[in-house]
Amino acid sequence: MMLSEYIPDFTYKVYDLGDYPDEMLMISGYMALDVVLYIFKHIFDNNFREILSNAVSMLTKINDRKIYLEFFEWLLRYTYHAG
């Protein structure tokens, strides 16, 4: 018996979000996911302040305060570290 038989073989799919219009990224129906995809796509744009403002406005539509705060914290941390 070889140990390699029990090691998972993961494959990854990588998508270039730049190829998708914003409207297509925001159809999940789950606002937090829409914000994540939107920020991933635009993190290096020259007008990122406007993008960040839009993302925060989108997050305010989340009714669950806990989820809102978790994603707002994620947004700030990701923006700080990636930008």
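Before moving on, here are some points about what is shown:
- Scope the range 19-36; condition small (Gly, Ala, Ser) and in a helix (DSSP H, G or I); matching residues: Ala32
- Of the residues making up the range 40-68, those that are under 15 Å from the mean Cα position of the chain (by Cα) and more than 23 Å from Pro21 (Cα to Cα) are Ile67, Tyr68.
- Meets criteria (loosely packed, with under 15 Cβ neighbours inside 10 Å, modelled with pLDDT of 90 or more and among the small types (Gly, Ala, Ser)) for Ser57: yes
- Scanning the range 1-30 for residues that are exposed (fewer than 10 other Cβ atoms within 10 Å of the Cβ) and acidic (Asp, Glu), we see that the one that is farthest from the chain's Cα centre (by Cα) is Glu5.
- Cβ separations smaller than 7 Å between residues 6+ apart or across chains give the following pairs from the range 49-77 residues that are under 15 Å from Ile39 (Cα atoms) and of a type in the set (Val, Ile, Thr) to residues that are surrounded by 14 or more Cβ atoms within 10 Å (Cβ to Cβ) and at pLDDT 90 or above: Ile51/His42.
- Checking Ile39, Ile62 one by one, the residue that is outside any helix (DSSP H, G or I), crowded, with 18+ Cβ neighbours inside 10 Å and not acidic (Asp, Glu) is Ile62 and no other.
The values are calculated or read from the model by the stated rules, or taken from the named source; none is laboratory data. This is a predicted model, so every value here is computed, not measured. FYI the Cβ positions are ideal-geometry reconstructions off the backbone, even for glycines, and counts take in every protein chain you see.
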